[in-house]
Amino acid sequence: MDIVLSGIRSTGRLHLGNYFGALRNFVKLQREAECFFFIADYHALTTHNDPGLLHENVRNVLSEYLAAGIDPDTATIYVQSDVPQIAELSLLLGMHAYVGELERTVSFKDKIRKNPDNVNAGLLTYPVLQAADILIHRATHVPVGKDQEQHLELTRVFARRFNNIYGVDYFPESRPYNFGAELVKIPGLDGTGKMGKSEGNGIYLTDPDEAIRKKVMRAVTDSGPTVPDSPVSEPVENIFTIMKAVSEPAAISFFREKYASCEIRYGDLKKQLAEDIIKAVAPIRERIEAIRADGAYLRRVVALGAEKARESAAKTIADVRGMMGIKPF
Ligand code: ATP
Ligand code: MG
């Protein structure tokens, strides 16, 4: 049976990118394979280290997982820091990760450019910890968005290297997964780049209808096409990209044709997009607050998940220690 693993950093509320890039697929996969979904609080610390906020953020992501439809009795849902074997595997894999390859990671270069005052070692070794997250359960399928493609490539490099060095066929080739389709990249509505928790450009699963309408109506566009069949500019293409996730194909082709014939009205396009986003988000939003307020339920979910995740992780760590020559007396 396939083993599926994925996680989301506890750095803020979840947005459309997290949902269409990752969370929606978690829900679809949970009955098809053995699934592990975690809340990446160690990863959050590389950029978000406010002790007053971390726990609330973990609680938020947990509540949003559950509200989106992950069933804790079917899939294993856990908090990363509840499973110490992940940190140990990260340390062990780090012995065979080269500083040069870590420094060349696009996300590392991007993060140090944005935060030149906090170029911490955790940022550099982020892909090692991520490989440990995946390999601790020997996961084969990793449902993630397009932004994670390069990290997954590194996970495969580390897995292959480990297998070669120790002469084993132990770690699998973990692949990003989106049911055979291209990985998803939901753009921001600010004209360029991806939607991100840390970018301040999110449409969140918790946003009320009115907030969604406001954000969509403020989306960056351009002055409109004047020549038939002109190419679509990046900000307008971004609107179409989000529509692809939430709207009916007929609505998309209607506006594509209007664009091609220079009759498009961006106001109408945005209205359609806002209503389609609301249709996708509102049912999830309605469940989040009730789940978030139910402390006893959340405690039960986290305890159950930690137990299941530790059991799987302990087995891998025992194997890896043996392969590397760490042996009991
Ligand atoms: P941060 O800005 O704090 O890194 P994030 O929004 O990038 O937050 P992550 O926790 O890094 O979210 O990623 C969680 C999952 O959501 C990953 O699988 C990632 O690929 C996916 N994801 C994040 N942003 C997008 C996006 N804009 N489009 C598609 N998938 C996305
Ligand atoms: Mg991210």
### Summary
Karplus-derived 3J(HN,Hα) from phi for the range 222-237 (6.51 cos²θ - 1.76 cosθ + 1.60, θ = phi - 60°), whole Hz, x at Gly and Pro, runs 9, 7, x, x, 10, 10, x, 6, 6, x, 8, 5, 4, x, 6, 4
### Query
Scattering from the C-alpha atoms of the range 6-53 alone, worked out with Debye: what is log10 I(q)/I(0) at q = 0.16, 0.19, 0.33 1/Å?
-0.51, -0.67, -1.21
### Task
Search the structure for amide H atoms under 5 Å from the amide H of Arg175, placed 1.01 Å from N in the peptide plane, and list their residues when 5 or more places away or on another chain.
His141, Val142
### Message
Counting only helical runs of four or more DSSP H residues, what would the 222 nm mean residue ellipticity of the chain come to if each run contributes -39,500 (n - 2.57) and the total is spread over all its residues?
### Response
-17000 deg cm²/dmol
### Query
Can you give the relative contact order of the chain as a percent, counting alpha carbon pairs under 8 Å and 6+ residues apart?
23 percent
#### Entry: Label-point separation, Asp229 to Asp209 (7 Å along Cα→Cβ), nm
4.1 nm
### Query
With a 10 Å Cβ neighbour count serving as the proxy for reagent exposure, in which order, fewest first, do Glu248, Glu34 appear?
Glu248, Glu34
### Query
From the backbone phi of the range 199-215, what are the Karplus-calculated ³J(HN,Hα) couplings (6.51 cos²θ - 1.76 cosθ + 1.60, θ = phi - 60°) in whole Hz, Gly and Pro given as x?
9, x, 10, x, 9, 8, 5, 8, 5, x, 3, 5, 5, 5, 4, 4, 4
### Task
Determine, for Met195, Met95, Met217, the number of other Cβ atoms within 10 Å of each Cβ, and report the residues in order from fewest to most.
Met95, Met217, Met195
#### Entry: Per-selection metrics, the range 98-221 (Cα): Rg and Dmax in Å
17.8, 58
### Met217 paired with Asn164, simple spin-label distance in nm, labels 7 Å along Cα-to-beta-carbon
5.8 nm
### Per-bin percent of Cα-Cα distances, the range 31-148 [10 Å]
12, 39, 38, 11, 0
### Query
P(r) of the chain in 10 Å steps, Cα pairs, percent per bin?
5, 24, 31, 23, 11, 4, 1, 0
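Here, each number is a calculation from the coordinates, and none is a lab measurement. Everything numeric here is computed off the predicted structure, so don't read it as measured data. We place every Cβ from the backbone using ideal geometry, glycine too, and count neighbours over all the protein chains shown.
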